[in-house]
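Written out below as structure tokens is the structure these notes cover.
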Amino acid sequence: MDMIIFKKTWEDQFCFEVEIYAKANTIATCMKSYTTAESINMLADGIKKFAVTNNGEYLWENGEKGDHSTPFVSMDFRSIDKIGHIIIEIYMEIDDGASLDKHNCCFFVKTERGLLDRFENELRFLSHGDIGSTAILGIDGV
């Protein structure tokens, strides 16, 4: 089951930490990165606009690639047909002590429009929710 989970693990008045878990048939990975409510709301807004058009592409990026900032993550949403199937290319830097330039992964997560709508709503709650708040793209988080 392909899925993406965002979980808020820490926060202060300016930013918060999210743990991002992503899984496809051949890979599963987890990373932590710092972000802001504004960035998460931009992701939710972009998903909403993307879902309404049901075609095209939407790219969300958090951080900067490389060793000069918090681990970088990007999600590139693409429609693959007119009936609501979507593919997300996710790129994540893995903070395991080595260079973020060299320790990263990129893979596709498949989803559907209805699941994307629910994820967008959960992201809006996560952006202002308490520590432990989650946003899940997948069926019941399994």
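Among all residues of the stretch 4-16, there is none that is within 15 Å of the chain's Cα centre (by Cα), crowded, with 17+ Cβ neighbours inside 10 Å, in a helix (DSSP H, G or I) and aliphatic (A, V, I, L, M). Please verify whether K32 is open to solvent by 70 Å² or more (accessible area, probe 1.4 Å), of a type in the set (K, R) and either assigned to a loop (DSSP other than H, G, I, E, B) or more than 20 Å from E112 (Cα to Cα) (or both), treating the condition exactly as stated. It is true that K32 is open to solvent by 70 Å² or more (accessible area, probe 1.4 Å), of a type in the set (K, R) and either assigned to a loop (DSSP other than H, G, I, E, B) or more than 20 Å from E112 (Cα to Cα) (or both).
Conditions (1) touching a Lys or Arg at 6+ places or on another chain (Cβ under 9 Å); (2) closer than 23 Å to G138 by Cβ; (3) open to solvent by 70 Å² or more (accessible area, probe 1.4 Å), marked per residue:
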{"site": "I40", "(1), (2), (3)": "yes, yes, no"}
{"site": "L59", "(1), (2), (3)": "no, yes, yes"}
{"site": "N62", "(1), (2), (3)": "no, yes, no"}
{"site": "K65", "(1), (2), (3)": "no, no, yes"}
{"site": "S69", "(1), (2), (3)": "no, no, no"}
{"site": "K102", "(1), (2), (3)": "no, no, yes"}
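Criterion applied to K48, K110, K32 was being farther than 26 Å from G129 by Cβ, among the basic types (K, R) and in contact (Cβ under 8 Å) with a residue 60 or more places away in the chain, and the one residue passing it is K110.
Considering each of F107, F77, F119, F72 in turn, give the residue that is touching a strand residue (DSSP E or B) at 6+ places or on another chain (Cβ under 7 Å), among the aromatic types (F, W, Y) and closer than 17 Å to K7 by Cβ. Matching residue, one of F107, F77, F119, F72: F119. Taken over the stretch 108-142, the criterion of being open to solvent by 20 Å² or more (accessible area, probe 1.4 Å), outside any helix (DSSP H, G or I) and modelled with pLDDT of 95 or more is satisfied by F108, K110, D130, I131, G132, T134, I136. Could you tell me whether E93 is under 15 Å from the mean Cα position of the chain (by Cα), surrounded by 15 or more Cβ atoms within 10 Å (Cβ to Cβ), more than 17 Å from M3 (Cβ to Cβ) and without any contact (Cβ under 8 Å) to a residue 40 or more places away in the chain? It is false that E93 is under 15 Å from the mean Cα position of the chain (by Cα), surrounded by 15 or more Cβ atoms within 10 Å (Cβ to Cβ), more than 17 Å from M3 (Cβ to Cβ) and without any contact (Cβ under 8 Å) to a residue 40 or more places away in the chain.
The values are calculated or read from the model by the stated rules, or taken from the named source; none is laboratory data. These numbers were taken from a predicted model, which means no experiment stands behind them. Cβ sites come from the backbone with ideal geometry, for glycine too, and all protein chains shown count toward neighbours. What goes into the accessible areas is simple: the full protein's heavy atoms, side chains included, and nothing from ligands, DNA or RNA. Shrake-Rupley method; radii C 1.70, N 1.55, O 1.52, S 1.80 Å.
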